[in-house]
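J.: The following block contains the structure, expressed as structure tokens.
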Amino acid sequence: MLQNNKQPLHSDISNQTVLFEFKDRKIFVADWIGYRRSLKSSPNLTNGKSNADILDAYRQILAFEYYKQHLDKYNTAFAEQVADFRDGNLLFEIMQRQVWNRAGADSAGLKKYFESRKGKYLWKPGAEAIIFTSGNLQTSQKLKQEIENNSKIWRKIVDSFWRSGSGRFRKIRIKSTACFLFSSGSRKIDTYTNQ
């Protein structure tokens with residue numbers, strides 16, 4: 001080329017030439033060249049494709065990336081959710097700094113606060129129990145009877161039953177059709193029907 005002194009085709013194009021652009025982002029020839037070079041290690045992505053096809057695929061990839069990065073500008077519901085999340089994180093951070101960190105450092109203040117409100121920290125009426133639930137009262141009564149008759153193997157009996165849970169339960173929170181409580185302290189079984 002230098003020997004013939006011919007001007008190269010498109011001599012006005014350089015690495016800083018804008019190839020295409022989005023609203024607030026420009027894609028330069030240098031970006032395209034870098035992308036094209038990165039594909040040399042993956043010939044299966046370029047086999048049988050023209051440069052124009054590869055450039056079009058590159059344009060689509062960048063357009064999708066741009067869309068993902070600016071989704072809040074195209075989808076108001078997403079923008080609102082992101083804002084809510086950001087505000088929630090900000091509120092959490094403020095609470096952490098202004099309340100929880102300070103409270104954790106003030107053990108005397110915490111003890112004083114607890115002592116002045118002891119009555120609010122009592123358990124509501126409830127039971128330490130294992131709750132077994134069923135779809136009908138007859139099944140619950142049958143299981144209750146089996147456990148009362150064979151209380152030493154109640155775990156084996158329960159294993160054949162399909163739904164149970166254990167812990168401390170407030171009686172007002174028990175909302176199944178039919179269930180009974182097996183209180184670990186007294187071995188008392190009560191049947192409740194909440195309809």
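J.: Around LYS111, with a cut-off of 14 angstrom between Cβ atoms, what is the net charge of the other residues, counting Lys and Arg +1 and Asp and Glu -1?
T.: Local charge sum for LYS111: +1.
J.: Now a separate question. To one decimal place, what Kirkwood hydrodynamic radius in Å is obtained for segment 1-105 from all pairs of distinct Cα atoms?
T.: 18.5 Å
The numbers here are math on the coordinates, done by the rules we state, and not lab data. Because the structure is a prediction, the values reported are computed rather than measured. Ideal geometry is used to build each Cβ from the backbone, glycine not excepted, and the neighbour counts take in all protein chains shown.
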